[in-house]
Structures are given as C-alpha cells and as structure tokens.
Amino acid sequence: MHSKIRLAFEKMVGCSNIITQDLNNYNRDWMNKYVGQSQLVLTPQTSEHVSQILKYCNQNQLKVVPQSGNTGLVGGSVPINDEIVISMRKMNKIYEFDQNSAIITSESGVILQNLNDYLFEYKYQMPWDLGARGSCLLGGNISTNAGGLNVVKHGLLRNYIMGLEVVLPNGKILNLMNKNRKDNTGTDLKQLFIGSEGTLGIITKANVLCIPIPQEKKVFFLELQSFQDVIKVLQKVKKNEQVLAFEFMEGRILKKNKNRHSQNTLPFQFDDNKYYVLIEIAGQQLNVDQFSIEMMEFTQEIIINQNEKEAQFLWKLREEIAESMGKMGYVLKYDVSIPPDKFEWLVNQVYPQREGPFHVYYGHVGDGNVHINIVFESLEHLHKEEDKIELKLFGLVKSLGGSISAEHGIGQHKRKYMELQKGKDVLECLYSIKKLFDPNSIMNPNKLL
Ligand SMILES: Cc1cc2nc3c(=O)[nH]c(=O)nc-3n(C[C@H](O)[C@H](O)[C@H](O)COP(=O)(O)OP(=O)(O)OC[C@H]3O[C@@H](n4cnc5c(N)ncnc54)[C@H](O)[C@@H]3O)c2cc1C
C-alpha cells in the first residue's frame, strides 16, 4: 500500500484500527468459494471514523467492501480484487432498550446473539433468527434483509427496522434514526439501504423493534412418506398462528449426518427416501395435544421435545446441514423462492432421477424458500458446472414467478442474473439510485448490480 494512503488512514483511525497482515479471514468467504486480494482492513470504532474513511476513499477513488460477520453466502462480503475491507466488528455498542416502545438502539457491529443476550433480561428478543446467529452482525443482517427461521410467523426483518444511521460514500452521516412505529412523512429512505448489500452506504446504527420471548415453545419432528405429505401438513398448520417455524429436510442428508450423533439421541433412523419436517409452535398456553392430533392425520411418526435440551438437539439436526455440506466438499448453494408445492418438481428438473453430484434440498418451506445444495470435489469442477446449472435452475424459477434469491442476496454470485430477475426497466432504476448515492462506484464494486 502506498505510504501516503496509510498515513492518511493512520491519522483518521489510528494504527490500532489498521490491519495489513494475516488478512485471510477477511479475504475468504464462509464457503471458501470466493477469495479476494485485499491488502488493507480498517476497523472503524465510530460513525465519524466511517465518515472520514469513506470521504477519503471517494475523493481518491479507492474501492471499499463493508464487512460484518462475513457469514454471507453469495460472496458479497469479501473483496474481488484489492478493495479496502471496512470491518464493522468494533462498532459494537448497544445503547439502550426502550421498554415502552420495545425498540433497541445499537451500533451495527453487534453480534446477533449478543443482542438477544442483552434483551433476555427484559424478556424480549430480536424478531429474526438464523443459524449464523453467533457470528453474523446486526449491520450484515440489515444489509442482506436476512430471512431465517421465524419468517413464517414474524415476517421479514425489513418490517422491524424503525431507524438507521447510514454513512454515504461522500462521508455524509445520514440520520434516519426514527423511533416511531408510525412515520408517514413521505418516501421511506431507510428502506433503500435494507437489503442493498453495502452498495449504497455503510449502516452504522439501527433502531430495531423487538418481540417478546414467547412463554412456551414446542418442537415437533415428523417423518413423512412423500413430499405431497409435507405440503399437506403445511396447508394444515399455515392457519395456526402459533406456528413459529416450518422447516423441511430430505432424508438423504439427515441419514448422511447420522454419525455425527450417538444413535440413541436420534428421533428416527432416517431413510433416504423419506421426508422430515421440523415445526416449532410458540406462544401462550400452547395446545400441544390438539396440535399432535392434527399432525397424526398425516403420520404416526412424531417426536415432540420434552425439555429445552431436546428442542435444541432437534434444531441442531436442521441447522447443521449447511455446515455438514461444506465439510463434504465445495458447495454450490441456491436459495430460491417458488411455490412450496413445486420444490420437488424443481429439483427433479435439474437432476432427473436425482442423478449427478450429491445434492439435497431443504429449508424454510413455510415461506416458500428452498435451499438447494450441490457438492463438488473441487472448485474447478464446481465452476465448470455452475453456469449450466444456473441457466436451467434460474430459468425454471423465473417461469414459476419465483425469485433467484429468497434471502441470501445477490453478491457476486448471482449478479449476472439480475436482468433475468428484474427486467431492463427495473434494473435501470436501480442503476440510477446507485449512481445518485455512489457516483464514483466505490461501494462494494461488482456486487449486486
Ligand atoms: C450457517 C449459516 C446459516 C445461515 N442461515 C441464513 C438464514 O437462515 N437466512 C438468511 O437470510 N441468511 C442466512 N445465512 C447467510 C448470512 O448469515 C446472512 O446473509 C447474514 O445476514 C449476513 O450477516 P453478516 O454479519 O455475516 O454480514 P456479511 O456476510 O459480512 O455481509 C453481508 C453483506 O452485507 C454488506 N454489509 C455488511 N455489513 C454492512 C454494513 N454495516 N453496512 C452496509 N453493508 C454491510 C456486505 O458488504 C455484504 O454485501 C446463513 C449463513 C450461515 C453461515
């Protein structure tokens, strides 16, 4: 790095917030699929730091990549070339929880789990939850409009963000820190930054509406004979407002993961050709017996947790899938939105007779979001197949009126399919917005747009 640039950053943020060595963790994504070449990581501690950094980078045409927990699955949080990484980890102050409005005010670099730990004493929690909760940060969640496990009941993250502070590429600190549930004063500017994957500015603070911790919870784990049965169960439980999560898993991945656990802890022996559903219900005065009877219409094979430890174990079987796939090799990950009854059909179109490399589908069936994971033994093989699979898969998704990204975002992975997804006119509008906020294209270049 040019010594003049280093000196400028030293003046702005101090030597202790500049990292130039051992940058592997900042350059490499969670899946080991994307590797950047950054030579410089900055760790701002205040919004003013972020402002000065962006202003300088904008004036000197230096490209930057905002990074939070780096758990993103589309290569959005790592550089492609030698962009400067702006790591938000040190902006981790929680300011307050207002019990009257149920709004938490926090810097954007707080780990999701830490927000929940803080809220616990108030008997509140964050309105979204995902497997990466121990590593992902608030700002990363907001920038990806993260989905996760509770969307069935609580809806999307976007609805819970009451206010934001955002630093624009020109260094301006935009105060959008609204705390009113109702604020009908024209265009809601903060919405532009939610889900924009660090391409318009850096989110530094947020006001988030929290939800009460439910008094009771129960986890049901079902074994079903066919995918049609999964859909029948879904139709039945959709009407029940106590359903917090509805997760689907194929037998073939649960069976593969069996040896991660001692046999007597498993709810089932797991069969390659069977289908498994995890349903969590939550609320006051749960009618567990009634719910069980309703489920028995579809299967006798039902396990219900008896205590918190068992609930956690049943959830582990679902949540470990992403990690276990990663351990098998290099994984192509898709998360698409389509009508839930088309999940099996879609996978069968891509891999007739389920032949080809090891692949599974699973995910948040309750909100129409399926994850398809395909494992390759080498990165070269993965890249060779990638385009072929995507042309077919995304074409089918489009024909079903679906979305090529239900929750992970676009990043570098799906950028070239944005026109297919959005159409020319919408894309043109998005480019105009990008140009307005970031005329020099310094923010997260070659991601999303
Ligand atoms: C095991 C596992 C399970 C997961 N489960 C889910 C799931 O159920 N649902 C789901 O939606 N995702 C899931 N993910 C994906 C990922 O965790 C989410 O996308 C998460 O929201 C990313 O948060 P992060 O802090 O890691 O952000 P990062 O990965 O660091 O960044 C994500 C994007 O946001 C931008 N960004 C980060 N911070 C800021 C900021 N402060 N201002 C502006 N831009 C910023 C980055 O440039 C990047 O484009 C999972 C990932 C893993 C590893």
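Coordinate-derived values only; no laboratory data. Keep in mind that what you see is a predicted model, and the values were worked out from it rather than measured. No Cβ is skipped: glycine too gets one built from the backbone with ideal geometry, and neighbour counts run over all protein chains shown.
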Problem - Helix-only mean residue ellipticity at 222 nm for the chain, each DSSP H run of n ≥ 4 adding -39500 (n - 2.57), per residue, nearest 500 - result: -9500 deg cm²/dmol
Problem - Inter-site label distance for Leu189 and Glu294 at 7 Å from Cα along Cβ, in nm - result: 4.5
Completion exercise
The farthest towards the positive end of the charge dipole of the chain, of the residues Leu209, His364, Ser292, given +1 on Cβ of Lys and Arg and -1 on Cβ of Asp and Glu, is Leu209
Completion exercise
Counting only residues 5 or more apart in sequence or on a different chain, those whose built amide H sits under 5 Å from that of Val336 are Val370, Ile372, Ala406
Exercise for the section: Work from the charge dipole of the range 94-212 (Cβ charges, +1 for Lys and Arg, -1 for Asp and Glu, about the Cα centre) and give the residue of Gly198, Thr187, Gly148 farthest towards its positive end. Expected result: Thr187
Handout entry: Relative contact order (%) - criterion: Cα under 8 Å, at least six apart; region: the range 94-212
Key = 33
Practice task
Compute the relative contact order of the range 349-427 as a whole-number percentage, counting only Cα pairs closer than 8 Å that sit 6 or more residues apart in sequence.
Solution key: 19
Exercise for the section: Report Rg/Rh for the range 94-212, rounded to two decimals, where Rg is the Cα radius of gyration and Rh the Kirkwood radius. Expected result: 0.94
Fill in the blank from the handout: Diffing the range 243-253: the Karplus 3J(HN,Hα) column from phi (6.51, -1.76, 1.60, θ = phi - 60°), in whole Hz with x for Gly and Pro, holds 6, 8, 8, 9, 10, 10, 9, 7, x, 5, 8
Exercise for the section: Output the relative contact order of the range 3-95, whole-number percent, from Cα pairs under 8 angstrom with separation of 6+ residues. Expected result: 33
Fill in the blank from the handout: The long-range amide H neighbours of Leu174, using H built 1.01 Å from N in the peptide plane and a cut-off of under 5 Å, are Val166, Val167, Leu168
Exercise for the section: Take the cross-link list Lys33/Lys172; Lys55/Lys447; Lys392/Lys434; Lys316/Lys435; Lys236/Lys256 and give me the ones stretching past 32 Å between alpha-carbons. Expected result: Lys33/Lys172; Lys316/Lys435
Problem - Projected label distance in nm at Gln215 and Lys179, using a 7 Å step from Cα toward the beta-carbon - result: 2.9
Problem - Cα Rg, Dmax, the range 3-87, angstrom units - result: 12.4, 35
Exercise for the section: Choose one of Thr20, Gly411, Ser226: the residue whose Cα lies farthest towards the positive end of the charge dipole of the chain (beta-carbon charges +1 Lys, Arg; -1 Asp, Glu; about the Cα centre). Expected result: Thr20
Problem - Debye, to nearest 20: dipole size of the range 303-398, +1 on Lys, Arg Cβ, -1 on Asp, Glu Cβ - result: 140
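About the Cα centre of the range 221-320, what is the dipole size in debye to 20, counting +1 per Lys and Arg Cβ and -1 per Asp and Glu Cβ, all else neutral?
In debye, rounded to 20, the range 221-320 gives about 300.
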Problem - Rounded to whole Hz, the Karplus (6.51, -1.76, 1.60) HN-Hα couplings of the range 21-31, x for glycine and proline - result: 10, 6, 8, 3, 5, 8, 8, 10, 8, 4, 8
Problem - Debye intensity ratio in log₁₀ form over the Cα atoms of the range 231-354, taken at each q of 0.14, 0.15, 0.16 Å⁻¹ - result: -0.73, -0.84, -0.96
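So how strong a dipole does the chain carry about its Cα centre when Lys and Arg Cβ are +1 and Asp and Glu Cβ are -1, to the nearest 20 debye?
The dipole magnitude comes to about 1040 debye.
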Practice task
Quick one: work out Rg over Rh on the C-alpha atoms of the chain, Rh as Kirkwood radius.
Solution key: 0.97
